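K.L.:
Pasting a structure here, questions to come.
The values are calculated or read from the model by the stated rules, or taken from the named source; none is laboratory data. It should be emphasised that the depicted structure is a prediction, and the values quoted were computed from it without experimental measurement. Using ideal geometry, Cβ is built from the backbone for each residue, glycine included, and neighbour counts are taken over all protein chains shown. Just the protein is used for accessible areas: all its heavy atoms, side chains included, with ligands, DNA and RNA removed. Shrake-Rupley method; radii C 1.70, N 1.55, O 1.52, S 1.80 Å.
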Amino acid sequence: MATSNLPTSYSRYTLQERPEAYITPTTFKYETLSLEELKSSMKDTDVLVQVDYISLDPAMRGWLRDQRSYIAPVAIGEVMRAGALGTVVAIGSQVDNAKIGDI
């Protein structure tokens, strides 16, 4: 697997509970994890992207409800999804349509 210079950890927000009305400090769990674990779980066809910009959209509020709409809801314990723009920092050995540094 080819990689660029990477940080040693990464951060993520996981859904901890479904909000009944307003999102509160306990709705999400903020975690900082080892990047080594993430890299070791990559498959030969995976691409690892470092997020540079993230979009916070009104639709995200609907994804917190436990009801299907145009997209499945975010499950408890799952990383909160979002649209993002980022830079490729690692690629699996079978990836031929992306290279490190691609946006």
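K.L.:
Calculate, for ALA75 and LYS99, the FRET efficiency according to 1/(1 + (r/R0)^6) with r their C-beta to C-beta distance and R0 41 Å; round to the nearest 0.05.
P.N.:
Working: r = 33 Å, r/R0 = 0.80.
Step by step, r from the Cβ atoms, then E = 0.80.
K.L.:
Also, I was wondering about something else. For LYS43, go through the aspartates and glutamates and keep the ones whose alpha-carbon is under 16 Å away, minus same-chain ones fewer than eight residues off.
P.N.:
Here the aspartates and glutamates satisfying the reach criterion relative to LYS43 are ASP96.
K.L.:
May I pose another question? Accessible area per residue, 1.4 Å probe, Å², for the chain: what's the number?
P.N.:
Spelled out: the 1.4 Å probe surface of the chain, per residue, equals 71 Å².
K.L.:
Taking LYS29 as the anchor, which aspartates and glutamates have their alpha carbon closer than 13 Å to its alpha carbon, excluding any fewer than eight residues away along the same chain?
P.N.:
GLU17, GLU78
K.L.:
Just name one of GLY83, GLN94, SER9: the one whose Cα is farthest towards the positive end of the charge dipole of the chain (beta-carbon charges, Lys/Arg +1, Asp/Glu -1).
P.N.:
The Cα lying farthest towards the positive end belongs to GLY83.
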